[in-house]
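Presented below is the structure to which this report refers.
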Amino acid sequence: MFHKILIANRGEIACRVIRTARALGYRTVAVYSAADALAPHVAQADEAVCIGEPPAAESYLRIDALLDAARRTGADAVHPGYGFLSERAEFAQACLDAGLAFIGPPPAAITAMGDKALAKRRMLEAGVPCAPGYLGDDQSDATLLAQARSLGLPLLVKAVAGGGGRGMRLVHDFAALPEALAGARREAASAFGDGTLMLERLIEGGRHIEVQVFADAHGHCIHLGERDCTAQRRRQKVIEEAPSPIVDADMRERIGTDAVAAARAVGYRGAGTVEFIVDAQGRHYFLEMNTRLQVEHPVTECITGLDLVEWQLRVAAGEPLPLDQDELRLSGHAIEVRLYAEDPAAGFVPQTGRVLHWRPQAALDGRCPGAATTGGVRIDAGIVEGSEIGPHYDAMVAKVIAHGRDRDDAIRRLRATLADAPLVGVGSNTAFLRALLDHPRFRAASLHTGLIDEWATTGEPLLQRREPEPGLWALAAAMITLRHGRGLRPASVADGELVLQMAGQERALAVHTEGPRVRVRAASGEGAAHEVHLIAHDDHLVRYEIDGVRRRRVALWSSPPGAHGSEVERLHLVDDDGHAWTCAERSPYPALLRADDPRRACAAVAGTVVAVSVQVGQSVSAGQPLVCVEAMKMEMWQHAGADARVIAVHVQPRQAVDAGALLVELEIGQA
């Protein structure tokens, strides 16, 4: 028996575990890095302990610090969440050696499935179908290159200790294989402390189907149905749903039987997920087993009416599984989207900053899990208003889940929830998610795992930069014109011309005011005029009438960091898709450095330098990689904008840099 649980994780999963643990009467202990001192999971736990500095290697990956936190608080159990140390056998063993209950599988099962090459060998022995690949111990580039040629293209390079898309590269051209091997090794060594690689032939046009399994210490093992995780970008999941729209009852039985066989083959206990790739003919092949709770577990909870964290705690306490396989019932359809702080139109580059507006409770009309809940909405988040989203951890900040009678019902509810729960202050993928839910390929369940990445190269509108609608420009002009006090314009200015900036665009607008009514049109006289009547603006919500139609939007003011005086503010407006736009009058202070200046290579986001490939005096060609910065589980190379000579290198590996930091200076035309 155990009574107090330390959650060795952060963010929304820590909040999720705390919620169920407290409902069952357990006390909880949170751990946090210096960057997370004000994070929600810290406030929600009964006790909390700081375990180090912001980099994960100096905090959440420190086994000694976690065990010390358990000792200091009297915790007698550890829940690892997902990510970080959740699939590290040495962590599970260290917990057991310290006399702590580990709420997860036995160390031997983690070892067997944590090494993906070893796992595939075990699965082949158990009769579980696997995709062709190379699982050998010889890790020389020569051997890997030779094996790759025998397997053929396209090919996946995968870290044997990897997960979450880290240490993975997709190769379509043998010429790109050496860099893929080097990049995957580097990323895997940084994330998992193990750069060992394996090769796997890519099943083209495949769908990613995974099966939730559960096993107890009494010999029982069942599956709880499948999830479809095919919607991915760069091998990272974007949308998950249950049940899969392509799986019928016969296939569910076959793939579920193989998933249970996989779990039994390693003496599994607790919650686990067996992942398969399904080809165009409906044949499934084992990919890997995640020996932990999955990010997407809520969709299984919604359609089963079960609390999987509760099952984890009961199994860890020695209880048998609450259900047998034939007692499982699936109800309705559930879909989850991952809300990322990223810019889809810029290659999904992570975004950092302070959360100015985040009020998901306004969108909630029900709760899952719960057998009595149909058509419910659930939002799992690890942020609150005022949270700082930095470069140290994953870019996922929340999950939005909808449960409906059928798939169409779930999609409709999910789209509405995304619009009603906007994230303001940090760039997000909200509008992209709504557009993806509406896309004909998603509606027809005809995606494959590489489709979104293909769209990035074909100019798919879904991934192109959006423009604010004309009504937003008019509303912004009206609000800025009537802004009093510390506003952008003096209150005495009733008529005149504004030059507004929004979404990288600049527009000159003529305004004429009569009380709270503002007439807005292009300063050139072209285009339609808009009549805007501001009715009320309070608590981040503006109510207004435009061209005779009353509407409301999330709207708030902020001052950007480093603003020149109190007169510089920004207006944030949310559109119908839940996308947040930032608008301001053109600043009288010109930018000192242009972002597109080819003489300077600057960091796209805040992060850590992982590689510098040039030195002073070296000649470079346009497009040549210069410096690689890692942020939020993503490596981003900065490239030379023109043929040039390197005249200064301002960073070195393992150095932390801010967004916009100057990395390399170039002298153009000297290559």
**OP:** Give me the distance in nm between label points sitting 7 Å out from Cα along the Cα-to-Cβ direction at ALA175 and ALA189, one decimal.
**Re:** 2.7 nm
Subject >> Relative counts (whole %) of C-alpha pair distances in the stretch 263-344, using bins that are 5 Å wide >> reply: 3, 11, 16, 21, 23, 15, 8, 3, 2, 0
**OP:** In nm, give the distance between the simple-model label positions of LEU541 and ALA126, each being 7 Å from the Cα along the Cα-to-Cβ direction.
**Re:** 5.1 nm
Original post:
Out of every Cα-Cα pair in the stretch 4-103, what percent are more than 22 Å apart?
Top reply: 16 percent
Original post:
Just how far, in whole angstrom, is the stretch 8-60 from the stretch 133-167 if you go by their alpha carbon centroids?
Top reply: 36 Å
Subject >> Structure-derived percent of Cα pairs over 42 Å apart - corresponding label in [x] 33; [y] 29; [z] 37 >> reply: [y]
Subject >> Quarter of the Cα convex hull surface for the stretch 207-463, i.e. its orientation-mean projected area (nm²) >> reply: 13.7 nm²
**OP:** Using Cα positions and a limit of under 30 Å, work out the lysines in reach of LYS399, with same-chain residues fewer than 8 apart set aside.
**Re:** LYS4, LYS116, LYS158, LYS237, LYS633
Original post:
So for LEU287, LEU96, LEU66, LEU556, fewest C-beta neighbours within 10 Å to most, what's the order?
Top reply: LEU96, LEU556, LEU287, LEU66
Subject >> In nm, spacing of pseudo-spin labels at LEU328 and ARG552 (7 Å Cα→C-beta vector) >> reply: 4.3 nm
Original post:
Mind checking the log10 I(q)/I(0) for the stretch 16-172 at q = 0.11, 0.18, 0.19 Å⁻¹? Debye, one equal scatterer per Cα, no solvent, two decimals.
Top reply: -0.59, -1.09, -1.16
Original post:
So what is the relative contact order of the chain, in percent, for Cα pairs below 8 Å that sit 6 or more residues apart?
Top reply: 9 percent
Original post:
How far, in nm, would the chain grow between HIS639 and SER613 when pulled straight, counting 0.36 nm per residue and subtracting the alpha carbon separation?
Top reply: 8.3 nm
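Set the Förster distance to 30 Å, then compute FRET efficiency between ARG654 and ALA456 from the Cβ-Cβ distance, nearest 0.05.
On the way: r = 30 Å, r/R0 = 0.99.
About 0.50, to the nearest 0.05.
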**OP:** Would you give the gap between the C-alpha center of the stretch 69-132 and the C-alpha center of the stretch 613-671, rounded to a whole Å?
**Re:** 39 Å
Original post:
When ranked by the protection proxy of mean other Cβ atoms within 10 Å per residue, highest first, what sequence do the peptides 28-36, 510-518 form?
Top reply: 28-36, 510-518
Original post:
What is the extension gain from ARG72 to ALA249, computed as 0.36 nm multiplied by their sequence separation minus the C-alpha to C-alpha distance, in nm to one decimal?
Top reply: 58.7 nm
Original post:
Of GLY205, ALA242, ALA184, which is farthest on the positive side of the dipole of the chain, counting Cα position, with +1 on Lys and Arg Cβ, -1 on Asp and Glu Cβ, and the Cα centre as origin?
Top reply: ALA242
**OP:** Quote the convex hull volume per residue of the stretch 304-457, based on C-alpha atoms, as a whole number of Å³.
**Re:** 152 Å³
**OP:** Sort the following peptides by mean Cβ neighbour count (other Cβ atoms within 10 Å, averaged over residues), highest first: 444-454, 543-553, 382-392, 290-300.
**Re:** 290-300, 382-392, 444-454, 543-553
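Bear in mind that the values in this text are calculations on the coordinates, not laboratory data. Worth saying up front: this structure is predicted, and the values here are computed from it rather than measured. Because the Cβ atoms are built from the backbone with ideal geometry, glycine has one as well, and the counts that use them run over all protein chains shown.
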